[in-house]
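One structure is given below, encoded as structure tokens.
Each reported figure results from applying straightforward, stated rules to the coordinates on display, with no laboratory input. Computed from a predicted model, the values in this text were never measured in an experiment. We place every Cβ from the backbone using ideal geometry, glycine too, and count neighbours over all the protein chains shown.
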Amino acid sequence: MTDTRPIGVFDSGVGGLSVLREIRARLPHEELLYVADSGYAPYGNRSAAEIIARSQYISEFLLAQGAKALVIACNTATAAAAADLRARWPALPIIGMEPAVKPATLATRSGVVGVLATSGTLASARFAALLDTFGQGVEVVTQACVGLVEHIERGELAAPATRALLARYLQPLLDAGADVIVLGCTHYVFLRDEVQALAGPSVRLIDTGAAVAAELARKLAQHGALHTDARAAGVRFWLSGEPALSASTLRQLWPAATSAEIAVLPD
């Protein structure tokens with residue numbers, strides 16, 4: 001039997017579209033629902049209680065749309081709210097994000113790994129546990145990228161101000177000798193080309209979007225919930241905040257999105 005129910009995906013804004021892209025590539029026949037909570041972005045500047053409340057609200061909304069699984073396409077929301085969501089819906093496949101510290105420590109040649117992330121992710125117990133587990137014998141240099149998410153939310157991917165901010169955050173990692181850099185926020189994946197140009201070809205960039213898509217596919221198969229019919233599948237989007245601005249950035253990052261597929265998240 002094929003399970004035609006959709007998959008729900010959410011992020012603090014448009015950054016999770018980088019994960020949605022990997023899910024679409026891995027699971028082309030699945031219907032997808034995406035919530036960009038841009039009105040509350042960035043989550044990295046908010047308290048754990050606020051992030052949990054937003055994650056609960058959005059998850060309930062997606063489940064009301066019939067979602068058979070949830071993907072928390074946000075490192076900060078995963079760190080703050082994944083345990084709470086899994087406790088609320090223990091039978092539901094819920095896949096979260098975490099910075100790719102493990103593969104980065106395995107890939108480094110210099111013994112120095114850099115991590116670009118939000119303040120909320122870097123301060124979380126989940127990130128501390130990653131360092132304790134996988135950071136032994138390797139120097140992990142972290143950098144909180146305050147303000148970078150806001151530039152991406154406005155669609156300013158190639159703006160001089162965005163590049164200058166990125167260069168300022170990247171330089172301490174390069175000065176420390178990092179030869180692998182973790183893009184520890186789903187938003188930053190959309191700046192991959194800029195990061196690579198600034199870091200140089202000898203520095204490897206790692207994110208976890210493809211790994212999350214693979215884990216989602218595995219969980220759906222485990223639950224007998226894959227949509228196996230070979231047909232085109234759609235995506236529906238909901239936005240919070242300033243819909244016109246968010247929709248403009250969404251179309252920039254997901255050009256196939258049509259006006260009919262984009263709605264305002266009820267709040």
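Considering helices alone, the calculated mean residue ellipticity of the chain at 222 nm is -13000 deg cm²/dmol, with DSSP H runs of length four and up weighted by -39500 (n - 2.57) and normalised per residue. Here the Gaussian network model covers the chain, with springs between Cα atoms less than 10 Å apart; of W238, W89, W254, W89 fluctuates the most. Among A64, A144, A178, the residue with the largest mean-square fluctuation in a Gaussian network model of the chain, with springs joining Cα atoms closer than 10 Å, is A64.
At 1.567 mPa s and 4 °C, plugging the Kirkwood radius over alpha-carbon pairs of the chain into Stokes-Einstein gives what diffusion coefficient in µm²/s? The diffusion coefficient I find is 70 µm²/s. Using R0 = 41 Å, the C-beta based FRET efficiency linking A214 and A244 works out to 0.70.
Taking the Cβ of each residue in M97, M1 as the centre, tally the other Cβ atoms inside 10 Å and list the residues starting with the fewest. Spell out each step's value before the answer.
Numbers: M97 28, M1 7.
The fewest-first ordering by Cβ neighbours comes to M1, M97.
Calculation over all alpha carbon pairs of the stretch 101-207 in 10 angstrom steps from 0 returns a P(r) of 15, 51, 28, 5 percent. Selection among A221, T258, L92 by position relative to the dipole of the chain gives A221 as farthest towards the positive end (Cβ unit charges, Cα centre). Look at where the Cα atoms of the stretch 214-267 and of the stretch 129-149 average out, and the two centres are 30 Å apart.
Would you work out the charge dipole size for the chain about its Cα centre, treating the Cβ of every Lys and Arg as +1 and the Cβ of every Asp and Glu as -1, and quote it to the nearest 20 debye? Intermediate values should be presented prior to the final figure.
Numbers: 22 positive and 25 negative charges, 85 e Å.
The dipole magnitude comes to about 420 debye.
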